[in-house]
Amino acid sequence: MNESNVLKVGIVGAGFIVKKSHIPGLAATSKCYIAGLHDINEVAAREARKFYLDQMEQGDNPLLSKAKNGCNIHDSLEELVKSVDIVDIATPPAYHLEAVSLALNHGKHVICEKPLARNWQELLQYPEIMEKAAGGDWKFQLHTQGIWHPIVKAGRDLIADGVVGEIQQIRTLHQGADPKHTVKLASLWDKHHSGGGALMDIGPHAYAGMWYWLDAGWEPVAVETQLLEATVPVREIAGKPGTKVTVEDDAHVTITWKNKDGREIRGDLEASWNKKDWHEGKVGSRLAPDLYYEITGTKGILTFPNVMLSFRKPFGIAAGLKFKGKKGEKHAYKFKLPKKGIEDLNFFDEFIDVIKGERKGRNDFKFAEEMLLVFGAAYLSSKSGKKVTLKEYKKYAENFKETPALIDDLFSSF
Ligand SMILES: NC(=O)c1ccc[n+]([C@@H]2O[C@H](COP(=O)([O-])OP(=O)(O)OC[C@H]3O[C@@H](n4cnc5c(N)ncnc54)[C@H](O)[C@@H]3O)[C@@H](O)[C@H]2O)c1
């Protein structure tokens with residue numbers, strides 16, 4: 001291995017997802033290594049460093065000694081940014097753009113946790129990001145690990161092979177079980193934390209799956225929200241008993257997608273922390289949390305139940321294709337069980353190839369920005385009771401100077 005080709009990654013924010021997904025992925029690749037960490041809580045950074053080195057040791061990673069000598073804890077975000085090639089941002093969403101901006105100003109590549117920001121409007125406060133996003137040779141990847149999963153890729157390949165025929169409709173669902181780490185997080189009750197609730201928190205995975213399956217031929221143009229509610233309106237949170245919830249824990253959103261021929265289809269997305277109601281019990285009751293995908297075309301309906309994200313549990317894998325117009329005719333696709341957590345390794349390993357120009361990224365900055373427009377339009381649609389185009393949402397958002405004021409306005413009738 002030529003170690004001079006090995007890129008340096010700097011972690012910003014070393015909390016839950018860094019330990020759950022980023023470190024396992026980074027400890028398994030030998031194309032890059034963590035050369036620095038920055039967290040406002042230095043203990044979290046130190047713990048993450050130890051966890052990373054332990055994982056490298058267990059996996060016999062050839063970069064272990066390089067990482068041991070070179071993985072530094074930085075008090076200053078800017079010092080960290082200057083010392084690495086890739087800035088990997090996993091702070092709460094309110095702080096993402098500050099780090100993206102610093103990374104771009106120093107000419108670094110960026111990995112950012114979903115969502116890119118609390119709201120699309122937040123980007124307007126960083127014109128340098130918008131400018132550089134339009135061009136330049138920096139690479140960007142939003143961390144939405146589902147689309148790095150081989151099974152999700154297998155679904156995309158089946159669609160590309162034409163098994164469903166001409167696409168007519170798509171549905172994706174991401175449901176959570178209110179995991180403990182979320183209870184501790186303000187994202188569960190405070191709209192200013194992530195800019196919204198379940199839609200902002202786990203909606204990105206469902207959205208990414210929909211976008212990835214539809215491929216580059218489709219773009220989102222409008223959103224109509226069917227349901228947005230807090231099914232648990234008051235939370236018992238340690239230190240804050242009886243906290244009023246200001247975000248949704250269940251969101252049903254219909255996205256209109258348009259292709260270059262002007263044809264439109266509907267994409268139904270559900271993001272829910274506690275409930276599995278849209279798919280009428282059938283899916284929800286059978287599923288352990290995570291993701292469900294379904295795509296309907298002129299030939300049939302392809303369903304992919306139960307894709308787990310980064311949580312190291314085994315999952316049953318079988319996709320079913322139900323043919324249209326042929327009563328009872330079904331086809332089951334079976335897949336070899338992939339290595340657990342393979343999406344984490346794929347994500348980080350592939351990004352190095354993307355930087356080196358050896359492959360195309362699975363998502364990009366435009367995808368991350370568009371997702372914010374879609375979710376913003378969903379909240380505005382809930383408020384106005386009407387379908388909202390992405391263009392209309394942009395116009396609305398541009399009227400606000402401060403993101404908190406915009407978030408307050410979007411949720412004023414919630
Ligand atoms: N992809 C996924 O499956 C997934 C799952 C959970 C969370 N996330 C995303 O990851 C991000 C972090 O979520 P988490 O659950 O890991 O949160 P967390 O609270 O566990 O970790 C965040 C870390 O960032 C640190 N931090 C806070 N503000 C900071 C700042 N200004 N500068 C530096 N460090 C700062 C905190 O001390 C903490 O250690 C969010 O964007 C969230 O949406 C993604």
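The values are calculated or read from the model by the stated rules, or taken from the named source; none is laboratory data. Quick caveat, the model's predicted, so the values are computed rather than measured. Ideal geometry is used to build each Cβ from the backbone, glycine not excepted, and the neighbour counts take in all protein chains shown. Ligands, DNA and RNA are stripped out before the accessible areas are found, and what is left, the full protein with its side chains, is counted by its heavy atoms. Shrake-Rupley method; radii C 1.70, N 1.55, O 1.52, S 1.80 Å.
Observations on the structure shown:
- Relative contact order (%) - criterion: Cα under 8 Å, at least six apart; region: the stretch 190-268: 33
- Label point 7 Å beyond Cα of Arg46 along Cβ direction - residues of the stretch 71-92 with amide nitrogen under 12 Å: 73
- Considering all different alpha carbon pairs of the stretch 119-240, the Kirkwood hydrodynamic radius works out to 17.6 Å.
- Value of relative contact order over the chain, rounded to a whole percent, pairs C-alpha under 8 Å and six or more apart: 18
- Modelled spin labels at Glu358 and Thr389, positioned 7 Å past Cα toward Cβ, are 4.4 nm from each other.
- Separation of alpha-carbon centers, the stretch 187-258 and the stretch 1-77, rounded to whole Å: 31
- For the chain, a Kirkwood hydrodynamic radius built from all Cα pairs, placed in the Stokes-Einstein relation at 37 °C and 0.692 mPa s, yields a translational diffusion coefficient of 150 µm²/s.
- Length released on extending from His106 to Ala238, taking residue separation times 0.36 nm less the Cα-Cα span: 43.5 nm
- Over all distinct Cα-Cα pairs of the stretch 59-100, the Kirkwood formula returns a hydrodynamic radius of 12.2 Å.
- Å² per residue, accessible surface of the chain at 1.4 Å: 43
- Applied to the stretch 338-345, the Karplus parametrisation 6.51 cos²θ - 1.76 cosθ + 1.60 on θ = phi - 60° returns per-residue 3J(HN,Hα) values of x, 4, 4, x, 4, 5, 5, 5 Hz, with x for Gly and Pro.
- With distances taken between every two different alpha-carbon atoms, the stretch 1-100 has a Kirkwood hydrodynamic radius of 13.3 Å.
- Note on the chain: with charges restricted to the Cβ of Lys and Arg (+1) and Asp and Glu (-1), its dipole about the Cα centre is near 1320 debye.
- Of the trypsin sites (Lys or Arg not before Pro) found in the stretch 325-414, those in coil by DSSP whose Cβ has at most 13 other Cβ atoms within 10 Å are Lys326, Lys327, Lys336, Lys339, Lys356, Arg359, Lys360, Lys386, Lys401.
- Dimensions (Å) - the stretch 175-259, Cα atoms, principal axes, largest first: 49, 22, 20
- Ratio of Rg to Rh for the stretch 191-241: 1.11 [Cα atoms; Kirkwood radius as inverse mean 1/r over pairs].
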